[in-house]
Every structure is written in structure tokens, then in C-alpha cells.
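The values are calculated or read from the model by the stated rules, or taken from the named source; none is laboratory data. Keep in mind that what you see is a predicted model, and the values were worked out from it rather than measured. For neighbour counting, all protein chains shown are included, and Cβ atoms are generated from backbone atoms with ideal geometry for every residue, glycine included.
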């Protein structure tokens, strides 16, 4: 028996994007058409298989750590630093660059001094510097 039902309607029914009148039609059709019921079951199994995240678990290659270290070495120039230290140094360089920009913004010397002082301190000061920069920026925008 060759069914003339548009198979896209079965997928739309399964996804829940079918129009109400079409849904009624397809549901009635499924009551009498074994071929479409089989097709719908196969689609359900396919959707279930695609949504199963355990099928997509992959192992990361060992070379990934070597690539990371190589990129950090190229970016920072020091191979002996840990990843955390390297990222903190990148943040410090970013803050230093922002401080240079602030030299040219009128009224931002207080923030610039705070940035320069924080570079000498521990990484915990980065949070305070960020708050100071935000506060100074709000003051500048208010003027």
C-alpha cells in the first residue's frame, strides 16, 4: 500500500509545530495507516537518539594541552608560568593598556592612578580597580 500523506507532517507532529487542523487530520490518518505509524515510530526513535547526550561524549586529545601551552607561550612569552598566572598577567596588561587610554580622558586621572597602583598589588586588587573604573566612568558620563 502506497500512502500519499506528506511525511513532513509526521515530523511536524513530532516536533509540535503542526497546525491544529493538520494535527487532527494526521492523527486520524495514523489510526488507519500502518506505514505512517511505522514512519512516526522511526522518527521518534531518531529524535530520542539525537537528544541522548551520552552519544556525543568525546575524549579530548592529549595534544590539546600542548597547543594551549604553546599559545600561552606565544602570547605571554614565558613557558614556566601556570595557566592562572598567565591569565592574570594578560589581565594586568589589559588594565595597563586601559590606563594608558585614560591618560587622554579629561577628569580620569583618579581612575588612572588607581589602575597604576593596582598593577603593583595582588590580583585581588583587580576587582577593586574594576569597581573604581566603573565608578569613574559613571561620573564622567554624568558630566
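Can you find even one residue in the stretch 47-69 that is within 36 Å of the chain's Cα centre (by Cα), surrounded by 12 or more Cβ atoms within 10 Å (Cβ to Cβ), assigned by TED's automatic domain parsing to the domain that holds residue 87 and on the phi < 0 side of the Ramachandran plot? Scanning the stretch 47-69 turns up at least one residue that is within 36 Å of the chain's Cα centre (by Cα), surrounded by 12 or more Cβ atoms within 10 Å (Cβ to Cβ), assigned by TED's automatic domain parsing to the domain that holds residue 87 and on the phi < 0 side of the Ramachandran plot. Apart from one condition, residue 34 fits all of (1) over 27 Å from the mean Cα position of the chain (by Cα); (2) loosely packed, with under 10 Cβ neighbours inside 10 Å; (3) at pLDDT 80 or above; the exception is (2).
Residues to consider are 115, 84; find the one that is modelled with pLDDT under 75, in a helix (DSSP H, G or I) and exposed (fewer than 11 other Cβ atoms within 10 Å of the Cβ).
On the way: 115 fails: exposed (fewer than 11 other Cβ atoms within 10 Å of the Cβ).
That would be 84, the only listed residue that is modelled with pLDDT under 75, in a helix (DSSP H, G or I) and exposed (fewer than 11 other Cβ atoms within 10 Å of the Cβ).
Can you name the helices (runs of 4 or more DSSP H) wholly within the stretch 3-80 that have at least 3 residues being within 30 Å of residue 91 (Cα to Cα)? Talk me through it step by step, then tell me what you get.
Values: elements: 7-15, 20-32, 34-51, 63-76.
Of the helices (runs of 4 or more DSSP H) lying wholly inside the stretch 3-80, those with at least 3 residues that are within 30 Å of residue 91 (Cα to Cα) span 63-76.
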